[in-house]
Amino acid sequence: MTEDKSRPPQDRPWESGWAPDTTRAPGTRRLWLAGALALATVTACVTAIAVMDSQSREPTPESAEPTTLSNSAPGGLISFATPSGNSTHTPGKDRGRPSPTPTTSAPTSPSASAKPHPKAPKPSKSHRTSPAPKPPKSNGISIRSVNYPDRYWRVRDGYVRLDSIGSGPEQREDATFRRVSGLADSSCYSFTTADGRYLRHRSFVLVEDGDDGSALFRKDATFCPRPVYPSGAVMLESVNYPGRFLRHRDFQLRLDPYQHYGQFRADASFRLVAGLD
């Protein structure tokens, strides 16, 4: 029997009366079902991705603190409160613990007020600094020669000489002067006698004279100290005749130009010592 004869004709119905549909290709229904299932799967995936993307873009709410359930909750489970999106609640704000941030409000109870610092104890009288003792009142100065240490300036007959001073009170008073700020230069010296007269140079000789208030007198009576060897000795330079120094010559005090030899420096060096009176 040939293959064509074993198959029933396609245009004839079978014994049950059903005849195959020859208008469409075999398996079309399965293809439609598979396509619908694939489309549903793609749609579900797209929807899931969109939902997850929208949730990831939302601002992350502050973490909620765990709160325990009431006694009606079974098993003592812990649930987490879901914070609302527009809530400004700060975690830990509603706790009963004191805030670590200092406040400027006044304390509500006397115990909360700050205790005043105790005052420092006053020092006892034994620890107080005693005032510095006042220096004794000066009785004036005397001017002693360096190369004739037994001779001092002394006013005699209106002139200043280098004399040996005896024990008589008059001689000692004549050899005692008061040193004051220079009349023409406060950084220099002027010398007054016991009766208020000044020592000044006149015609380059040192004499005693009263202040006439003139500028020339103030300059003639002002001398600037220049330290020299030996230590503690000074040379006295004239203000209005720079380069001229007081020196003794034949025991007479004069104003002479400086000379670069040892005898002049010795004759022009003096020590200011305590007054003889």
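The values are calculated or read from the model by the stated rules, or taken from the named source; none is laboratory data. Because the structure is a prediction, the values reported are computed rather than measured. Ideal geometry is used to build each Cβ from the backbone, glycine not excepted, and the neighbour counts take in all protein chains shown. Surface accessibility is based on the protein's heavy atoms, side chains included, excluding ligands, DNA and RNA. Shrake-Rupley method; radii C 1.70, N 1.55, O 1.52, S 1.80 Å.
Structure notes:
- Unmet criterion (only one of (1) aliphatic (A, V, I, L, M); (2) open to solvent by 60 Å² or more (accessible area, probe 1.4 Å); (3) farther than 15 Å from Ser145 by Cα) for Ala215: (2)
- Checking Val239, Val228 one by one, the residue that is in contact with an Asp or Glu (Cβ under 7 Å, 6 or more places away or on another chain), more than 20 Å from Tyr159 (Cβ to Cβ) and β-branched (Val, Ile, Thr) is Val239 and no other.
- Residues located in the stretch 227-248, provided they are modelled with pLDDT of 95 or more, open to solvent by 40 Å² or more (accessible area, probe 1.4 Å) and in a strand (DSSP E or B): Arg244
- When residues of the stretch 30-75 are limited to those that are among the charged types (D, E, K, R), out of contact with any Pro (no Cβ under 8 Å at 6 or more places or on another chain) and open to solvent by 100 Å² or more (accessible area, probe 1.4 Å), the one modelled with the highest pLDDT: Arg30
- For the stretch 175-199, filtered to residues that are among the charged types (D, E, K, R) and either in contact with a Ser or Thr (Cβ under 6 Å, 6 or more places away or on another chain) or modelled with pLDDT of 95 or more (or both), the residue that is least open to solvent (accessible area, probe 1.4 Å) is Asp185.
- The condition of being of a type outside the set (Phe, Trp, Tyr) and touching a Phe, Trp or Tyr at 6+ places or on another chain (Cβ under 8 Å) holds for only one of Asp185, Asp163, that being Asp163.
- Screening Val155, Val160, Val207 for residues that are open to solvent by less than 80 Å² (accessible area, probe 1.4 Å), in a strand (DSSP E or B), modelled with pLDDT of 95 or more and more than 24 Å from Pro242 (Cα to Cα) leaves exactly one candidate, Val155.
- Residue within the stretch 250-258 that is touching a residue at least 60 places away in the same chain (Cβ under 8 Å), open to solvent by less than 10 Å² (accessible area, probe 1.4 Å) and assigned to a strand (DSSP E or B) present: yes
- Inspection of the stretch 177-189 finds no residue satisfying the criterion of being at positive phi and in contact (Cβ under 8 Å) with a residue 24 or more places away in the chain.
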